[in-house]
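Undergrad: This structure is in structure tokens; I'll ask about it shortly.
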Amino acid sequence: MSAIFVDARGLSCPQPVILAHKAISEGVFPVEVTVDTVTSRENVRRMAEKNGCKVEISQQDDEFTLVIKK
Amino acid sequence: MRDRLTQFFASRWGIIFVGAAIGILGPVLQKAGNPTNMGICVACFERDIAGAIGLHRANIVQYLRPEIPGFVLGSTIAALIFREFKARSGSAPIVRFVLGVFAMIGALAFLGCPWRASFRLAGGDMTSLPALLGLIIGITGGVWFLRSGYNLGRSQKTYPAVGWIMPILMIGLLLLLIFRPVFSEGGPIFFSDKGPGSMYAPLLVSLGVGLIIGFLAQRSRFCTMGAVRDVILMRDYHLISGLLGLIVAALLTNLVLGQFKIGYTGMPVAHSNWLWNTLGMVLAGLAYSLAGGCPGRQLFLSGEGDGDSAVFVLGMIVGAGIAHNFNLAAKADAVSDGVLTVGGLSPFGMAAVILGIVFCLLIGFTLRQKVA
């Protein structure tokens, strides 16, 4: 089960990254981030990987869920 | 193939490739006829479009620049091929509109957007330095607001037709350019016969370059404001590698084409009043960061179905009309008989820039969710 959920759907750049970063900073994993654009998906993934995390991405219709683990 | 291309454009080399491509194509457009150090300028070109359809009557800056429809439609094509076209809207459109108006007023105080500031630097125009400093100050202010909880709220997925409005408007502009209908005697469409508006590359060259850049920028998310913002906000050097690629490639291309001329006063379509070059771009940088994208990025987003970015773009075009009708836009330095007259802003222009900064600060302070 994910410990922290971040709903970043409909938020424009860079809000999804800011929210995801804040969640990661709390140090409780995994963090599950839902976004609805490829741009946000890539930005959140890049930020998480830069912070030494592993990211698994799944897609449902036009939404993406990123499960971020340390 | 599609996935590999997506991976490439999302990579560091991908964004550098796109920046360098834009950096080469800008000076090439200048060589082909566009104004000096204005191979590409999103704000100036939108201002020229505003003039062409009669939103202002500054007769030296009126032309239906096909690069702008090219940017939007190139992005639409990329978004359709890569299945990223998605109609969305409803995130504080009125705020985005007014931010667009003030973003244009700020840009026209300097006579250029961040794209042109970069091209001016790469062409040797040192008045771009205070402007870039102003841009960094404005974006730093925007980052401070972002950190303290500022946001414009969520957009909603909407009917596909909403996403098509901007691309179709752009096709309409292209048709007006191609057929040049006369709507009334002495009326629009206006085309400058002197000044920067009378200088343009051949239509198909401009449109072709616009489409290529629109396509590349949609794939790579190229954004000049985002470049600076990401460095300040999270020490992320991805987008800024693209911007640096643009500047270096443009500098080299200018040197090869003999278009590099270093100087500070009397530079082409520029003024040398450092204070208002700086403050104009403080306003522009603040407005772009509060709206989430530089003028170019807003065009590319509007091409992939983002109705909120489209509203920002329309705000910029209307802002250009206001800027010229109310004498808010800067006058360029002029050299006549060897005597230099330094350009700059009218008192109205100065007041408008200050008013714009105050507006942006109010928006930044009042549109905040509490940060836990």
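Undergrad: Work out how much length residue B:137 to residue B:175 would gain on full extension: take 0.36 nm times their residue separation and subtract the Cα-Cα distance, in nm to one decimal.
TA: Extending this stretch completely gives an extra 9.7 nm.
Undergrad: What fraction of the DSSP beta bridges in the stretch B:2-366 is antiparallel, stated in percent and rounded to the nearest 5? Could you put the intermediate results ahead of the total?
TA: Numbers: 6 of 8 bridges.
Roughly 75 percent of the beta bridges in the stretch B:2-366 run antiparallel, per DSSP.
Undergrad: Stick to the Cα atoms of the stretch B:140-211, pair each with every other, and give me the Kirkwood hydrodynamic radius in Å at one decimal.
TA: Computed over Cα pairs of the stretch B:140-211, the Kirkwood hydrodynamic radius comes out at 16.7 Å.
Undergrad: Solvent-accessible area of residue B:144, probe 1.4 Å, all protein chains present, reported in Å² to the nearest ten, please.
TA: For residue B:144, solvent-accessible area is about 130 Å².
Undergrad: So with the 1.4 Å probe, I'd like the accessible area per residue for the stretch B:166-288, rounded to whole Å².
TA: Per-residue value: 42 Å².
Undergrad: Report, to two decimal places, the Cα Rg of the stretch B:195-254 normalised by 2.2 N^0.38 Å (N = number of residues).
TA: Output field value: 1.40.
Undergrad: List the aspartates and glutamates whose Cα sits under 12 Å from the Cα of residue A:69, skipping any in the same chain fewer than 8 residues away.
TA: In chain and number order, the partners are A:32, A:49, A:56.
Undergrad: I've got another one for you. Could you tell me the distance between the Cα centroids of the stretch B:178-239 and the stretch B:285-307, to the nearest Å?
TA: Cα centres, the stretch B:178-239 to the stretch B:285-307: 13 Å.
Undergrad: Starting from the Kirkwood Rh over alpha-carbon pairs, what translational D in µm² s⁻¹ does the protein assembly as shown have by Stokes-Einstein at 10 °C and 1.306 mPa s? Don't jump to the answer; show the numbers that get you there.
TA: Working: Rh = 21.7 Å.
Estimated via Stokes-Einstein, D reaches 73 µm²/s.
Undergrad: I want to check the label-to-label distance for residue B:368 and residue B:156. Put each point 7 Å from Cα in the C-beta direction and report it in nm to one decimal.
TA: That separation, rounded to one decimal, is 2.8 nm.
Undergrad: Please compute, over every Cα-Cα pair in chain B, the percentage with a separation greater than 32 angstrom. Don't skip to the end; give the middle numbers.
TA: Working: 17039 of 69006 pairs.
In whole percent, the long-distance tail amounts to 25.
Undergrad: Let's test the formula: R0 of 25 Å, r as the Cβ-Cβ distance of residue B:164 and residue B:3. What FRET efficiency results, to the nearest 0.05? Don't jump to the answer; show the numbers that get you there.
TA: On the way: r = 26 Å, r/R0 = 1.05.
In this case the efficiency is close to 0.45.
Undergrad: Ranked from the most accessible area to the least, with a 1.4 Å probe and all protein chains present, what is the order of B:205, B:311?
TA: B:205, B:311
Undergrad: A further question follows. Roughly how crowded by other chains is peptide A:30-37, in terms of the mean Cβ count from those chains within 10 Å of each of its Cβ atoms?
TA: The shielding value for this peptide is 2.
Undergrad: While we're on this one: Using helices alone, I'd like the mean residue ellipticity at 222 nm for the protein assembly as shown: each DSSP H run of four-plus residues gives -39500 (n - 2.57), total over residue count, nearest 500.
TA: Calculated at 222 nm, the ellipticity per residue is -19500 deg cm²/dmol.
Undergrad: Would you work out which of A:20, A:33, A:5 lies farthest towards the positive end of the dipole of the stretch A:4-69? Charges go on Cβ: Lys and Arg +1, Asp and Glu -1.
TA: A:20
Undergrad: Given the protein assembly as shown, what percent of its DSSP beta bridges are antiparallel, to the nearest 5?
TA: 75
Undergrad: Please get the size of the charge dipole for the stretch B:98-205, origin at its Cα centre, with Cβ charges of +1 on Lys and Arg and -1 on Asp and Glu, quoted in debye to the nearest 20.
TA: 380
Undergrad: Another question, then. Show me B:183-194, A:21-32, B:3-14 ranked by packing, highest mean number of other Cβ atoms within 10 Å first. Don't jump to the answer; show the numbers that get you there.
TA: Details: B:183-194: 12.5, A:21-32: 16.8, B:3-14: 14.4.
The packing order, highest mean first, is A:21-32, B:3-14, B:183-194.
Undergrad: Other chains' Cβ within 10 Å of A:5-13 residues: what's the mean?
TA: 5
The values are calculated or read from the model by the stated rules, or taken from the named source; none is laboratory data. Nothing here was measured: the structure is a model prediction, and the numbers come from that model. Here the Cβ is made from the backbone with ideal geometry for all residues, glycine too, and neighbour counts use every protein chain on show. Quick note on the areas: whole protein, heavy atoms, side chains included, nothing else; ligands and nucleic acids left out. Shrake-Rupley method; radii C 1.70, N 1.55, O 1.52, S 1.80 Å.
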